[in-house]
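The values are calculated or read from the model by the stated rules, or taken from the named source; none is laboratory data. Quantities reported herein were computed from a predicted structural model and do not represent experimental measurements. The accessibility values were calculated without ligands, DNA or RNA, using every heavy atom of the protein model including side chains. Shrake-Rupley method; radii C 1.70, N 1.55, O 1.52, S 1.80 Å.
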Amino acid sequence: MTAGKAYDCIIIGAGPGGLQAAIHLARYNRRVLLVDRGGGRTSHALEIENYLGLERVGGKELVETGIRQIQSFGAEFRREQGFTVVTDRARYQASYVVVSAGATEKPPPIKGMNRFFGRTIFTCVDCDGYRTTGRNLVILGDSLETVRLALAMRQMFTPEITLVLPPALRLPPDQAELLNEDGIAFLTGIPAEFLGDPELTGVRLQDGRQAACEVVMLNYDYVLNDAFLAGLGLERDSGGGKLATDHFCETSVKNLFALGALKSGKAQAIIAAGQGAAVGIEINRRLLEL
Ligand SMILES: Cc1cc2nc3c(=O)[nH]c(=O)nc-3n(C[C@H](O)[C@H](O)[C@H](O)COP(=O)(O)OP(=O)(O)OC[C@H]3O[C@@H](n4cnc5c(N)ncnc54)[C@H](O)[C@@H]3O)c2cc1C
C-alpha cells in the first residue's frame with residue numbers, strides 16, 4: 001500500500017450527493033478526491049424526470065456527466081473498492097470526509113428481475129410512481145406496510161392493482177376490508193418469476209398462479225452501503241438505521257459528513273445534490289480559517 005497525497009476533502013460515493021459536494025469544493029480550488037466503487041442507485045435509474053432543469057436524464061448519464069464536470073474543475077476521481085479512509089490501493093489524508101455511498105435494494109431473488117428493473121419494475125414511489133399511472137400494477141412486498149402503499153398507489157396512480165404478500169403474513173380483517181373497498185385484488189403467495197419478453201406481462205407465483213401486469217412496484221428492505229464505517233460508532237437516527245446528522249449533514253464524528261440515502265431524511269437525487277452543495281460550502285467555510 002502506498003502513502004497517498006493529502007487532500008482538503010475526500011468524498012466517498014459518486015451519486016448526486018458526492019458529485020455535487022465535489023463540484024462545490026473543487027470550484028473553491030480545494031484539493032478533492034472522489035472515490036467510487038461503481039454501480040449505485042442513481043446508475044440504476046433509467047430515466048430521472050423530477051430533477052429541476054433536466055426534463056429527462058438517465059441516471060448513468062447524470063453520474064458520468066458529473067464525473068467529467070468535477071474533473072474539469074480539478075477534482076480527482078478514482079474507481080476503487082473497499083474504502084475505509086484507507087483504500088485497497090493507498091492511504092490518503094484529508095481534513096474532511098464526505099460519505100455519499102447510498103444504499104442498495106434487497107429484493108428477494110425473482111427470476112427475470114434484471115430484464116425489467118428500473119424500466120417496468122420500480123422500488124420508489126416518489127421516483128417512479130408516476131410511471132404506473134393508468135397501468136395494470138402488481139405490488140410485491142413482505143410487510144403489512146405494503147397495504148398502505150397499495151392504498152396510496154390506488155389514490156394517486158391507478159385503479160388496476162393486485163397486491164401480493166407472503167402467506168405467513170396475516171392480513172388483519174380491517175385492512176382486507178380497505179383493500180376490498182378500493183377494488184384492490186389481494187393474493188398470498190411467493191413471487192417466483194417475472195413474465196414477458198420483451199415487455200413485462202405478469203408475475204408467476206411459486207404455486208404456478210399468475211398475476212397479469214404491465215408494471216410492478218416492489219416494497220422490500222434495502223441495506224445502507226455503510227459497512228466500511230462500522231468501526232467509527234456513528235450515531236444513528238431514532239429509527240436506528242440511517243446515520244444521524246445535524247443541519248450541516250455532519251455526523252457524530254466531527255468533520256465527517258454524510259449525504260443522500262445514508263442519512264435520515266428523504267432519498268431523492270435532487271435532495272442528495274442539494275445536501276452536497278450545502279456540505280461543499282460548509283467545508284470550504286471551515287477551510288477558510290478567517
Ligand atoms: C431504479 C431507481 C430509480 C430511481 N429513480 C429516481 C428518480 O427518478 N428521481 C430521484 O430523485 N431519485 C431516484 N432514485 C433514487 C436516487 O437514485 C437516490 O435516492 C439518490 O441518488 C441517492 O444518491 P446518493 O448520492 O445517496 O447515492 P447513490 O446514487 O446510490 O450513489 C452512491 C455511490 O457510492 C458508491 N459506493 C457505495 N459504497 C462504496 C464504497 N464502500 N466505496 C466506494 N464507493 C462506494 C456507489 O458505487 C455509488 O456510485 C432511483 C433509485 C433507483 C434504484
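Values for this structure:
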item	result
For the range 107-219: rounded, prolate or oblate by the Cα gyration tensor [a/c cutoff 1.5]	oblate
Backbone HN-Hα couplings from phi across the range 137-149 [Karplus 6.51/-1.76/1.60, Hz, Gly and Pro as x]	10, 10, 10, 10, x, 10, 9, 5, 3, 5, 5, 4, 4
Ratio of Rg to Rh over the chain (Cα coordinates, Kirkwood Rh, two decimals)	1.03
Per residue accessible area of the chain, 1.4 Å probe, in Å²	51
Relative contact order (%) - criterion: Cα under 8 Å, at least six apart; region: the range 97-240	34
Potential extension, Arg56-Leu169 segment - 0.36 nm per residue separation minus Cα distance	36.8 nm
Accessible carbon and sulfur surface of the chain relative to its total accessible area, %, 1.4 Å	51
DSSP beta bridge pairing in the chain, given as percent antiparallel to the nearest 5	30
Long-range amide H partners of Glu214 with built H, under 5 Å	Asn136, Leu137, Val138
The range 217-290 and the range 89-167: distance between their alpha carbon centers, rounded to Å	21
